[in-house]
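**Student:** A single structure is presented below for examination.
The values are calculated or read from the model by the stated rules, or taken from the named source; none is laboratory data. Because the structure is a prediction, the values reported are computed rather than measured. Here the Cβ positions follow ideal geometry from the backbone for every residue, glycine too, while neighbour counts run over all protein chains shown. Note: accessible area is taken over every heavy atom of the protein model, side chains too, but ligands, DNA and RNA are not part of it. Shrake-Rupley method; radii C 1.70, N 1.55, O 1.52, S 1.80 Å.
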Amino acid sequence: MSESERIRRTETIPQWKQEEVDELVDFIESYASVGIVGVAGIPSRQLQNMRRDLHGSAEVRMSRNTLTRRALEDVGDGLGGLTEFVSGQVALIGTNDNPFGLYQQLEASKTPAPINAGEVAPNDIVIPEGDTGIDPGPFVGELQQVGAEARIMDGSIKVTADSTVLETGEEVSDELANVLGELGIEPKEVGLDLRSVYSEGILFEPDELAIDVDEYRADVQSAAAAARNLSVNAAYPTARTAGTLLAKAVGEAKSVGLFAAIEDPELVPDLVAKADGQVRALAAQIDDDEALPEELRG
Amino acid sequence: MEYVYAALMLNETGEEINEDNVTAVLEAAGVDVEQSRVKALVAALEDVDIEEAIDTAAAAPAAGGAAGG
Amino acid sequence: MEYVYAALMLNETGEEINEDNVTAVLEAAGVDVEQSRVKALVAALEDVDIEEAIDTAAAAPAAGGAAGG
Amino acid sequence: MEYVYAALMLNETGEEINEDNVTAVLEAAGVDVEQSRVKALVAALEDVDIEEAIDTAAAAPAAGGAAGG
Amino acid sequence: MEYVYAALMLNETGEEINEDNVTAVLEAAGVDVEQSRVKALVAALEDVDIEEAIDTAAAAPAAGGAAGG
Amino acid sequence: MEYVYAALMLNETGEEINEDNVTAVLEAAGVDVEQSRVKALVAALEDVDIEEAIDTAAAAPAAGGAAGG
Amino acid sequence: MEYVYAALMLNETGEEINEDNVTAVLEAAGVDVEQSRVKALVAALEDVDIEEAIDTAAAAPAAGGAAGG
């Protein structure tokens with residue numbers, strides 16, 4: 001931004017706002033990756049704890065949304081793309097660490113919380129099958145009313161099957177909020193909710209940031225298997241595969257030796273066993289007891 | 001089992017599995033041959049595909065393994 | 001495989017597994033006997049407990065099956 | 001798979017699996033490197049016990065063979 | 001194993017698996033490259049269908065079938 | 001087993017598996033060669049397709065597995 | 001695989017598995033020896049318990065059975 005622009009802006013917005021924007025710009029420019037996190041519903045004490053836990057890996061900076069947007073636009077360089085995620089209760093987050101790692105860290109730090117009437121379900125709400133531990137009474141009717149399969153069994157109220165009582169995006173009714181509260185079900189995950197990150201020229205959204213570690217583990221396994229197979233099948237020995245290669249060679253020699261009935265001292269016991277197996281297999285095909293040795297007569 | 005081995009030997013050499021041949025092999029191995037068993041064996045093997053029977057032996061251990069498992 | 005069969009026949013009848021006996025059985029079965037194979041077989045069997053070899057084979061698949069099962 | 005191979009190479013040599021190292025290996029192999037894939041890989045592998053995964057893979061082919069059989 | 005990984009990477013990128021390329025990848029991974037191992041790798045892979053070799057399980061139990069047979 | 005390895009080596013190089021060649025390989029490995037064993041080996045392998053023998057063995061467990069599984 | 005067979009032969013005869021010996025066996029089998037592959041093999045086998053590896057193969061038939069079971 002040129003000096004003249006800066007002066008013009010200073011004239012159009014109050015001095016304190018411009019100072020705040022300048023601080024936000026400094027914040028944004030001091031990190032390799034900058035993102036927007038949702039902070040709605042986080043009690044202030046919990047938020048304090050989260051910020052402390054992130055210390056050293058990421059920093060959270062709150063401000064008015066208008067000023068945050070302005071700062072992002074001022075920095076430019078593609079960061080302006082983040083402004084569309086600035087709505088509701090949000091904050092800037094900055095890190096010099098791996099943004100995928102940051103996403104995982106934030107997801108892991110989320111904690112369950114109860115949902116209130118009037119709130120929108122962030123995911124399908126399910127009342128799980130099982131004994132509620134609640135004595136028979138009107139509560140069974142309340143359960144049924146919100147859509148759970150419930151009845152009285154063995155002296156208490158049981159939910160007889162996993163019951164989806166609200167789908168993602170639907171609003172929680174008073175009745176449902178009461179039932180969930182009674183059951184102690186906390187369907188929300190409260191925490192810093194990473195909506196998008198801009199990192200080294202690329203804007204990532206949550207579905208891109210959510211890495212499937214199991215998939216990577218499986219990839220590591222197939223890569224390791226590929227290397228093993230190649231090493232053994234191309235007979236290129238490595239420290240990890242020399243043993244397998246030896247075993248394969250021995251196996252091949254044994255195979256050929258047994259197939260060709262080579263009278264080698266190491267093979268003869270197996271050849272004896274093979275002959276025994278064959279004679280028994282043939283004897284098993286013979287129906288006439290008269291033709292069989294006594295030990296095999298049925 | 002020596003009677004069945006005699007049949008297997010003849011099978012390998014391609015000789016006919018008949019009473020004379022089986023008897024000859026058994027006698028060479030010092031067996032006091034019972035003609036009725038030779039007869040019964042030769043008759044019983046008439047309807048058996050020996051190669052196939054032997055191949056079953058290759059699969060048999062696995063089957064045994066299944067039983068053991 | 002006929003050489004092994006011959007040896008096992010002799011084992012069944014209790015005759016000694018030596019070169020002469022193995023050769024005799026093979027010849028009776030019409031085999032064009034290779035003396036070197038007879039020699040190698042007889043020598044190799046000298047240190048083998050035939051009954052044990054049969055039993056080991058019978059036991060192995062079951063053990064394997066157990067491991068697999 | 002080349003990204004994973006690069007990581008496994010570094011694992012074998014004892015070098016740290018970080019963005020710079022993975023990128024260097026990939027570039028040497030002629031890969032037109034996507035930084036975001038490198039980043040995702042590095043983050044994901046932080047939670048993977050690579051040696052354990054390799055050992056499981058070593059055992060797998062045999063098991064796989066069994067399944068295939 | 002890092003030498004094998006280097007070959008796998010080059011195979012994926014379609015680069016030729018020759019001594020120069022393998023060496024470059026290994027060096028990028030911080031390997032103190034032994035030229036003889038590179039040479040041996042390139043020689044071993046010369047007549048190998050890599051895709052096929054990767055997919056064929058390097059299971060030792062080939063002998064299993066023989067024992068069963 | 002060294003006699004069998006010698007035969008397999010000759011098979012890989014495409015050299016004829018005859019007494020002279022087998023003996024030469026064994027002697028190079030420091031074996032005190034028994035000519036009768038060499039003869040027996042050559043005779044046993046005379047009509048055998050070694051590649052097939054290796055492949056059959058490799059395939060057999062799969063067949064067994066199918067039966068057992 | 002001929003390089004591995006050569007090593008196994010030397011192991012059986014009790015000769016040292018070094019570059020000279022492996023080369024000699026390979027040459028006797030008519031192999032156009034690649035010194036780098038000999039080197040790689042000898043180096044790879046340095047830390048391997050060969051007897052143990054062979055025993056794994058010996059145990060393999062049981063494993064094959066397991067696969068079936």
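**Student:** By the scheme Lys and Arg +1, Asp and Glu -1, what is the net charge of all other residues having a beta-carbon under 12 Å from that of G:Arg37?
**Tutor:** Surrounding charge for G:Arg37 is -2.
**Student:** Helix A:3-12 versus the longest principal axis of chain A: what is the Cα-based angle in degrees, 0 to 90, to the nearest 10?
**Tutor:** Tilt of helix A:3-12: around 60 degrees.
**Student:** Ok, one more. Report the Cα centroid-to-centroid distance between segment A:203-275 and segment C:1-17 in angstrom, as an integer.
**Tutor:** The distance from the Cα centre of segment A:203-275 to that of segment C:1-17 comes to 38 Å.
**Student:** Please list the non-local residues whose amide H lies under 5 Å from the amide H of A:Ser173, H modeled 1.01 Å from N, same-chain partners needing a gap of 5 or more.
**Tutor:** Answer set, sorted by chain and number: A:Gly118.
**Student:** Here's a follow-up. Counting only residues 5 or more places away or on other chains, whose amide H sits under 5 Å from the amide H of A:Ala150 once H atoms are built in the peptide plane?
**Tutor:** Those qualifying (amide H under 5 Å, at least 5 residues apart or on another chain) are A:Thr160.
**Student:** Based on the alpha-carbon gyration tensor of segment A:175-298 and its eigenvalue square roots a ≥ b ≥ c, which shape applies: rounded if a/c is under 1.5, prolate if not and a/b is larger than b/c, or oblate?
**Tutor:** Details: a/c = 6.00, a/b = 1.99, b/c = 3.01.
It is oblate, given that a/c is not under 1.5 and a/b is not larger than b/c.
**Student:** Applying a 10 Å radius around every beta-carbon, put D:23-34, A:272-283 in order of their mean neighbour count, most first.
**Tutor:** Taking the mean over residues of other Cβ atoms within 10 Å, the ranking is A:272-283, D:23-34.
**Student:** Determine ³J(HN,Hα), in whole Hz, for all residues of segment E:8-22 in sequence, where each value follows from phi through the Karplus function 6.51 cos²θ - 1.76 cosθ + 1.60 and θ = phi - 60°; x replaces Gly and Pro.
**Tutor:** 5, 5, 4, 4, 5, 7, x, 6, 5, 8, 10, 4, 4, 5, 4
**Student:** Before we go on, tell me the buried accessible area for the A/D pair, both chains summed, 1.4 Å probe, in Å² to the nearest 100. It would help to have the intermediate numbers written out before the result.
**Tutor:** Working: alone 18340 and 4720 Å², together 21050 Å².
By this definition, chains A and D bury close to 2000 Å².
**Student:** List the distances, in nm to one decimal, from the label point of C:Val48 to the label points of the same position in every other copy, shortest first, placing each label point 7 Å from Cα along the Cα-to-Cβ direction.
**Tutor:** Once sorted, the set of distances for C:Val48 reads 1.3, 2.2, 2.7, 3.5, 4.8 nm.
**Student:** Any chance you could check the Cα centroid distance between segment A:163-198 and segment A:136-152 for me, in angstrom?
**Tutor:** 20 Å
**Student:** What does the copy distance list look like for G:Thr13, label position 7 Å along Cα→Cβ, in nm and ordered from shortest?
**Tutor:** Nearest first, the other copies' label points are 1.3, 3.7, 4.0, 4.1, 4.5 nm away.
**Student:** Right, something else. Which whole-number value in Å² is the accessible area per residue of chain A, probe 1.4 Å?
**Tutor:** Ligands and nucleic acids excluded, the figure is 47 Å² per residue.
**Student:** Relative to the longest principal axis of chain A, what angle (0 to 90°, nearest 10) does the C-alpha long axis of helix A:65-75 take?
**Tutor:** Computed tilt is about 70 degrees.
**Student:** Additional query: Hey, what do the phi angles of segment A:156-169 turn into as Karplus ³J(HN,Hα) couplings, whole Hz, using 6.51/-1.76/1.60 and θ = phi - 60°, x for Gly and Pro?
**Tutor:** Values, residue by residue: 8, 8, 10, 8, 8, 7, 3, 10, 7, 9, 7, 9, 3, x Hz.
**Student:** Please list, in order along segment E:47-53, the HN-Hα scalar couplings obtained from phi with the Karplus expression 6.51 cos²θ - 1.76 cosθ + 1.60 (θ = phi - 60°), rounded to whole Hz, x for Gly and Pro.
**Tutor:** My calculation for segment E:47-53 gives 9, 9, 7, 4, 4, 5, 5 Hz in order.
**Student:** In a Gaussian network model over chain A where Cα atoms closer than 10 Å are linked, find which of A:Asn178, A:Asn65, A:Asn233 has the largest mean-square fluctuation.
**Tutor:** A:Asn233
**Student:** Ignoring ligands, DNA and RNA and using a 1.4 Å probe, state the total buried accessible area between C and B in Å², rounded to the nearest 100.
**Tutor:** Summed over both sides, the interface buries about 1700 Å².
**Student:** Distance from the Cα centre of segment G:21-44 to that of segment A:33-53, in angstrom?
**Tutor:** Each part's Cα centre sits 65 Å from the other's.
**Student:** Considering only protein heavy atoms and a probe of 1.4 Å, how much of the accessible area of segment A:232-298 is carbon and sulfur, as a whole percent?
**Tutor:** Percent of accessible area from carbon and sulfur atoms in segment A:232-298: 42.
**Student:** List every residue whose amide H lies under 5 Å from the amide H of A:Val90, counting only residues 5 or more places away in sequence or on a different chain, with H placed 1.01 Å from N in the peptide plane.
**Tutor:** Result for A:Val90 returns A:Val39.
**Student:** Still on this structure, I have one more. With the full set of protein chains in place, find how many percent of the accessible area of segment A:105-210 is carbon and sulfur; take the probe as 1.4 Å.
**Tutor:** Ligands and nucleic acids excluded, carbon and sulfur give 44 percent.
**Student:** Helix A:213-233 against the longest principal axis of chain A: what's the angle in degrees, Cα atoms only, rounded to the nearest 10?
**Tutor:** Between the helix axis and the principal axis of chain A, the angle is about 40 degrees.
**Student:** A further question on this structure: If I take R0 = 56 Å and measure r between the Cβ atoms of D:Glu27 and B:Glu19 in this structure, what FRET efficiency does the formula 1/(1 + (r/R0)^6) give, to the nearest 0.05?
**Tutor:** 0.10
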